[in-house]
Amino acid sequence: MAGERILIVEDEPRIAEVLARYLTAEGFVTERARDGKEALALFRSFEPDLVLLDLMLPELDGLEFTRRVRASSAVPIIMVTAKSAELDRILGLELGADDYVTKPFSPREVVARVKAVLRRSRPEAKRHERYRAGALELDAGAVRVTCGEQEVPLTPSEFKILRALLAAEGRALSRRELLDALGEAYVDERTVDAHVKNLRKKLGPCAQKVETVRGVGYRVAP
Ligand code: CA
């Protein structure tokens with residue numbers, strides 16, 4: 001998540017400053033706009049992954065900003081509203097804001113919301129990354145593996161190995177490649193054999209899908 005870009009739209013410098021400080025401390029890259037017009041310009045040049053948007057702004061208010069951005073972008077927007085502005089909040093959500101925070105807020109809470117919204121808005125492709133080989137199914141977004149109706153609980157390493165094998169679409173992967181998929185390139189290749197052995201045990205009737213390819217490694221038949 002480090003390096004994701006947050007556009008802070010806020011006309012009160014003190015608040016913008018605090019938000020920027022907390023977000024930067026969490027590894028985010030921030031940019032600040034003090035009014036709606038500047039926000040629109042920065043939105044185009046900075047290309048943020050998320051917008052933290054104060055509603056009451058000079059030049060162009062937060063609702064109008066949202067309306068214009070939404071015409072061409074699905075970027076996550078978290079609105080910051082005064083406690084009394086219930087109507088703004090409802091309008092904002094109708095216009096396509098992803099979440100809202102009421103003032104006064106704790107910066108920690110805002111950071112938590114930012115992370116949650118970013119998590120939910122990960123690219124569709126990743127969330128819907130699914131593989132199937134016969135009765136065996138893997139849903140990468142939900143981190144879930146099933147064999148027929150049966151859910152198969154796997155360790156993170158077993159999951160990564162199975163995912164790499166399914167993504168290879170029938171091509172055999174070497175132990176080295178599977179270690180790369182595990183992010184454990186410096187570990188003994190026999191670790192892979194141990195993971196595959198456990199994986200097969202857990203997969204039950206779907207275990208036969210994970211084939212050993214002599215002299216190469218492993219493959220999952222499509
Ligand atoms: Ca304001």
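Quick note: the coordinates plus some simple rules give every number you see, no bench work behind them. Owing to the predicted nature of the structure, the values given are computational and were not obtained by experimental measurement. Here the Cβ is made from the backbone with ideal geometry for all residues, glycine too, and neighbour counts use every protein chain on show.
Quick look at the numbers
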| read-out | value |
| --- | --- |
| Amide H contacts of G141 (H built 1.01 Å from N, under 5 Å, at least 5 apart or other chain) | E129 |
| Per-residue ³J(HN,Hα) for segment 203-209, Karplus 6.51 cos²θ - 1.76 cosθ + 1.60, θ = phi - 60°, Hz, x for Gly and Pro | 6, x, x, 8, 4, 5, 5 |
| Residue-by-residue Karplus 3J(HN,Hα) for segment 129-138, coefficients 6.51, -1.76, 1.60, Hz, glycine and proline x | 6, 10, 10, 9, 9, x, 7, 7, 10, 10 |
| Mean ellipticity per residue at 222 nm, deg cm²/dmol - from DSSP H runs of n ≥ 4 across the chain, formula -39500 (n - 2.57) | -13000 deg cm²/dmol |
| Neighbour-count ranking [beta-carbon atoms within 10 angstrom, fewest first] of L182, L52 | L182, L52 |
| Mean Cα-pair separation over length for the chain, i.e. relative contact order, pairs under 8 Å, 6 or more apart, % | 13 percent |
| For D99, distant residues with modelled amide H under 5 Å away | I77, M79 |
| Built amide H within the under 5 Å cut-off of L50, gap 5+ | R5, L7 |
| FRET efficiency, 1/(1 + (r/R0)^6) with R0 45 Å, evaluated for E12 and T155 via beta carbons | 0.40 |
| Hz values of 3J(HN,Hα) by residue in segment 169-176 - Karplus curve (6.51, -1.76, 1.60), Gly and Pro given as x | 6, x, 6, 6, 10, 6, 4, 4 |
